[in-house]
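Written out below as structure tokens is the structure these notes cover.
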Amino acid sequence: MATKNILNVLNRKPSEGTPIWLMRQAGRYLPEYREIRSKTESFLDLCYNPKLASEVTLQPLKRFNLDAAIIFADILLISEALGVSVKFLEGEGPVLDNGFLDNNLYDLKFKDDKINNVYETILNVKNSLPKNIALIGFAGSPWTVASYMIEGKSSKDFSNAKKWLKTQDKLSKLIDVLTESTIIYLENQIKAGAEIIQLFDSWSGLLNNNEFKKWVIDPTKAIVDQLKKNYPNIPIIGFPRGACVEDLSIYINKTGINCVSIDYNINIKDMGKLQRVIPVQGNLHPNILIEGGDNLRKSCFKILETLKNGPHIFNLGHGILPQTPIKNVENLVDMVKNF
């Protein structure tokens, strides 16, 4: 049976070099992705089409020597499963109908409906993957999904969501609903064939220490505990983007995750200290990948050299940006594989 290097790292077993996958590795920087996207009416239509979403998931594996595929979906699909409609507008990003905040917050119920198509995509991809490539399923963490649902759109500061921090009862209810729904969603992904789970808490950096504990650590722990109860061997990667080193340390100690994904704001030496406790993932800046050349080479080797004596999955500190040259991704993967 072919060994999956990324699973070895997550399980703290000997690995053959540093595994690599990239957040948003399937996306707009690839011409083959743009071609498929042009055939669908909307981004969500692509997410909900198992045939096309499977094809898009596999595209980067055909170009690059990556160690994992991550299922093509979006963290806001779960809000649609709760009955909150989402649209992705060109140049604006997600727009959500947040009328539920005043009307039916207490009526939100998770319904499989369209989200069942994500499980079908996972099954399709799992049956198509080479034996040495792992399959990653994912969800947005409750605080991050709640931020979008409350705000009704993307934002730099999520000022409306932050106001909800003062209305503890309403926010607690929404976080509880999202926590329960995320558990169902991820359990179904695992049943369909996901071998690794990543939790994206993209807006955890908006919170102070006490808020981080209540709205990031506690829901994450609840999700991890339940998943581990039913699937004790499933590795879970947590990505609390924007968290400081102090909060990251608490997050690692309290949530039960198997690996922490580190964004590009964290110093590589601090990442090395965290690596003594848990496998780490990250943290090349996406802009350096766009730049390429000597800076990419130096930055890549600095990360690899600093983290070479512990469990490390090479990744970016956030997703690949659309203007990234394909050649730079090829070079990065080659550098990691030949280190």
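Listed by first and then second residue, the pairs linking a residue in segment 326-339 that is in a helix (DSSP H, G or I) to a residue that is among the hydroxyl-bearing types (Ser, Thr, Tyr) and surrounded by 18 or more Cβ atoms within 10 Å (Cβ to Cβ), with Cβ atoms under 8 Å apart and 6 or more places separating them unless they lie on different chains, are Ile326/Tyr29; Val329/Tyr29; Val336/Thr18.
Scanning segment 48-64 for residues that are in contact (Cβ under 8 Å) with a residue 24 or more places away in the chain and assigned to a helix (DSSP H, G or I) yields a count of 11. Candidates in segment 142-175 are the residues that are part of a loop (DSSP other than H, G, I, E, B) and loosely packed, with under 15 Cβ neighbours inside 10 Å; of these, the one that is modelled with the highest pLDDT is Asp157. Just one residue in the set Ile70, Ile20 is out of contact with any helix residue (DSSP H, G or I) (no Cβ under 6 Å at 6 or more places or on another chain), touching a residue at least 40 places away in the same chain (Cβ under 8 Å) and closer than 25 Å to Gly238 by Cα; that residue is Ile70.
Across segment 85-132, the qualifying residues are those that are more than 21 Å from the chain's Cα centre (by Cα) and basic (Lys, Arg), and the one among them that is surrounded by the fewest Cβ atoms within 10 Å (Cβ to Cβ) is Lys131.
Scanning segment 150-162 for any residue that is closer than 30 Å to Asp67 by Cα, touching a residue at least 24 places away in the same chain (Cβ under 8 Å) and among the β-branched types (Val, Ile, Thr) turns up nothing. Within this structure, Thr179 fails the test of being over 24 Å from Phe100 (Cα atoms) and touching a helix residue (DSSP H, G or I) at 6+ places or on another chain (Cβ under 6 Å). Taking only pairs six or more apart or across chains, which ones have beta-carbon atoms under 9 Å, a first residue in segment 110-125 that is closer than 14 Å to Thr182 by Cα, and a second residue that is charged (D, E, K, R)? What qualifies is Phe110/Glu180; Ile115/Glu80; Tyr119/Asp112; Tyr119/Lys191.
The values are calculated or read from the model by the stated rules, or taken from the named source; none is laboratory data. What you see is a predicted model; the values in this text were computed from it and never measured. Cβ sites come from the backbone with ideal geometry, for glycine too, and all protein chains shown count toward neighbours.
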